[in-house]
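Asks: The structure's right below; bear with me while I get my questions together.
The values are calculated or read from the model by the stated rules, or taken from the named source; none is laboratory data. As the structure is a prediction and not an experimental result, all values here were calculated from the model. Here the Cβ positions follow ideal geometry from the backbone for every residue, glycine too, while neighbour counts run over all protein chains shown. When the accessible area is computed, the model is the full protein with side chains, heavy atoms only, and any ligands, DNA or RNA have been set aside. Shrake-Rupley method; radii C 1.70, N 1.55, O 1.52, S 1.80 Å.
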Amino acid sequence: CNFERQRDAARCVDQVFEQLSPANDDLIVVSANGTFIDGAERDAIMHHCPESRVFAPKGALGEGVGASILWEVIAAAEAIRSGHLPQSAQPLERDGGVAKVPPREQRPLQRAIVSGCGMNQQVAGLSLKAARLQTT
């Protein structure tokens, strides 16, 4: 989704989340970077999957123009591969903060949603799912 004005970003992010159909058991890897896009991502998460765990790797890895989305995909894939959520992955609180709650019992992580919001007014999303091995 592309948007021309900042006020249109929330609509784009919500549209991408709608297409990905995230669930509360998913890990949501966001592109939060301290700009207006953070609120758009938060609103989409609160609308579509308010109890999901959220991870924003830019706080630890920094902003790498053109590379940040790759870091987000790698973080999501590693969480699925290892079966462990990043330690800082937390549910969002409705007031905009991050909930400080003890880890809850969860089923193994099966899917991660990556929210990619670019500097040129673009929003994209990716759904990564755990591979299911079939034995015969």
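Asks: Taking PHE55 and the conditions (1) buried (at least 19 other Cβ atoms within 10 Å of the Cβ); (2) modelled with pLDDT of 90 or more, which numbered condition does it fall short on, given that it satisfies the others?
Replies: Of (1) buried (at least 19 other Cβ atoms within 10 Å of the Cβ); (2) modelled with pLDDT of 90 or more, only one is false for PHE55: (2).
Asks: May I ask you to verify whether PHE36 is at pLDDT 80 or above, among the hydrophobic types (A, V, I, L, M, F, W, C) and within 17 Å of VAL114 (Cβ to Cβ)?
Replies: Judged against the criteria, PHE36 is not a match.
Asks: Restricting to segment 2-29, count the residues that are more than 16 Å from ILE80 (Cβ to Cβ) and in contact with a strand residue (DSSP E or B) (Cβ under 6 Å, 6 or more places away or on another chain).
Replies: Within segment 2-29, residues that are more than 16 Å from ILE80 (Cβ to Cβ) and in contact with a strand residue (DSSP E or B) (Cβ under 6 Å, 6 or more places away or on another chain) number 4.
Asks: If you don't mind, another one. Among the residues of segment 116-136, write down those that are open to solvent by less than 100 Å² (accessible area, probe 1.4 Å), modelled with pLDDT of 75 or more and either under 16 Å from SER68 (Cβ atoms) or within 19 Å of the chain's Cα centre (by Cα) (or both).
Replies: Answer for segment 116-136, where residues must be open to solvent by less than 100 Å² (accessible area, probe 1.4 Å), modelled with pLDDT of 75 or more and either under 16 Å from SER68 (Cβ atoms) or within 19 Å of the chain's Cα centre (by Cα) (or both): GLY116, CYS117, GLN121, GLN122, VAL123, ALA124, GLY125, LEU126, SER127, LEU128, ALA130.
Asks: Can you report the number of residues in segment 18-47 which are open to solvent by less than 40 Å² (accessible area, probe 1.4 Å), part of a helix (DSSP H, G or I) and of a type outside the set (A, V, I, L, M)?
Replies: Count: 2.
Asks: Which one of the conditions (1) under 23 Å from ILE37 (Cα atoms); (2) surrounded by 15 or more Cβ atoms within 10 Å (Cβ to Cβ); (3) at pLDDT below 85 does LEU109 fail to meet, given that it meets all the rest?
Replies: (1)
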